Amino acid sequence: MLRLERVSKTYRVGAFARTSLKAVRDVSFELRPGEVVSLIGESGSGKSTIGRMILRLTQPTDGRITFEGTDITGLRGRGLKEYYRHAQGVFQDPFSTYNPIFRADRVFAMIRQSYFPNVRDAEWRDRVADAISSVNLNPDLVLGKYPHQLSGGQLQRLLVARALLLDIKLLVADEIISMLDASTRIDVLNLLADLKERGLAVLFITHDLSLGNYLSDQTVILRKGAVVERGTTEKVFGDPRHPYTRTLLASVPRLGTRWEDLPVPETEGHECDAPPEEVDDDHFVACFDRVHHGRKSESV
Ligand code: ADP
Ligand code: MG
């Protein structure tokens, strides 16, 4: 459904854009309908850049992103609008999506204006109320409120409700639970599980490893813009092959571990830029030969 093929993004930075920063390097993975893919990596590893490229908020420097076979990087005007009917994002800071001077209803009104101008008032009110109820909010209590009168979790759920009014097939969820308290987190995770049940594909972006395996089918581990390991969550979490993944997983049981506190994984001093190769069905590891060369005697 959504396929990234060797996607890279280089930002021009510095005065006169003379320096460049490779934020995303040769990233490939795929999302299928009804599948949750976790994209996991520490801060600055390029996760949001990938999400933004998928949502056409920024363009890749190289590579291809296709949605149902169509290259999305070339979409303009009507084509792009059609794409947004199927692909939507929810972000870490939901407040940024809302204009503080308008009531929360406005995000729904905007969808109506662009996509459903011919739907009658009563019918539209019903649809909005249904969508809001399906994200476990009470329409009477949230509509009519200003963004600052709602919690971050409520605003995020309203954005999911807005997406549900469209014919959504793909949701990019970028760090959506990082800033929520524990009880709201569970609600939002359960909501994502419901979306999956409905056949939606969800890209679940997180820097929190302990949340990554909660509902995902596939896991992609990102390091400095490149994929070090990816595959079914079962294989990546159950049989991690890359030393980086192993170190990360070994630290997971310690709740509250911060990435900065993690030991630097031993990669035998090799810096390897090669994209991951398939080492097993649905299991890809970067620089597999190199990272495993010389470690066999350690029975890893
Ligand atoms: P993550 O979401 O994993 O924290 P990002 O995708 O936000 O990572 O950022 C990856 C890298 O790209 C970081 O080094 C960040 O500073 C840089 N970056 C992100 N957006 C821009 C931008 N618009 N211009 C220049 N550099 C950027
Ligand atoms: Mg980010």
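The values are calculated or read from the model by the stated rules, or taken from the named source; none is laboratory data. Predicted, not measured: the structure shown is a model, and the values here were computed from it. So basically every Cβ, Gly included, is an ideal-geometry build from the backbone, and we count neighbours across all protein chains shown.
Taken together, K224, K235 contain a single residue that is crowded, with 18+ Cβ neighbours inside 10 Å, farther than 30 Å from A163 by Cα and either of a type in the set (S, T, N, Q) or modelled with pLDDT of 70 or more (or both), which is K235. Screening the stretch 72-93 for residues that are of a type in the set (S, T, Y) and without any contact (Cβ under 8 Å) to a residue 40 or more places away in the chain and picking the one that is nearest to V135 (Cα to Cα) gives Y83. For the stretch 45-57, check the following and say yes or no: at least one residue is among the β-branched types (V, I, T) and either more than 16 Å from ligand 2 (Cβ to nearest atom) or not in a helix (DSSP H, G or I) (or both). Taking every residue of the stretch 45-57 in turn, none turns out to be among the β-branched types (V, I, T) and either more than 16 Å from ligand 2 (Cβ to nearest atom) or not in a helix (DSSP H, G or I) (or both). Candidates in the stretch 84-109 are the residues that are modelled with pLDDT under 90 and in a helix (DSSP H, G or I); of these, the one that is nearest to ligand 2 (Cβ to nearest atom) is S96.
Can you find even one residue in the stretch 33-42 that is within 13 Å of ligand 2 (Cβ to nearest atom), in contact with a strand residue (DSSP E or B) (Cβ under 6 Å, 6 or more places away or on another chain) and under 15 Å from L4 (Cα atoms)? Checked the stretch 33-42: at least one residue is within 13 Å of ligand 2 (Cβ to nearest atom), in contact with a strand residue (DSSP E or B) (Cβ under 6 Å, 6 or more places away or on another chain) and under 15 Å from L4 (Cα atoms). If the condition is being more than 6 Å from ligand 1 (Cβ to nearest atom) and either free of Cβ contacts under 8 Å to residues at least 60 places away in the same chain or of a type in the set (K, R) (or both), then the stretch 43-60 contributes R52, M53, R56, L57, T58, Q59, P60. Which residue, of D167, D130, is acidic (D, E) and in a helix (DSSP H, G or I)? Exactly one residue qualifies, and that residue is D130. Scanning the stretch 107-150 for residues being of a type in the set (G, A, S) and exposed (fewer than 14 other Cβ atoms within 10 Å of the Cβ) gives a total of 5.
For the residues F16, F29, the requirement of being among the aromatic types (F, W, Y) and surrounded by fewer than 18 Cβ atoms within 10 Å (Cβ to Cβ) singles out F16.
Please determine whether any residue of the stretch 12-21 is within 21 Å of H207 (Cα to Cα), in a strand (DSSP E or B) and touching an Asp or Glu at 6+ places or on another chain (Cβ under 9 Å). No.
Looking across the stretch 41-83, the residues that are over 17 Å from L166 (Cβ atoms), acidic (D, E) and at pLDDT 95 or above come down to D62, D71. Would you confirm whether any residue within the stretch 64-71 is among the small types (G, A, S) and in contact (Cβ under 8 Å) with a residue 24 or more places away in the chain? No, there is no match, as no residue in the stretch 64-71 is among the small types (G, A, S) and in contact (Cβ under 8 Å) with a residue 24 or more places away in the chain.
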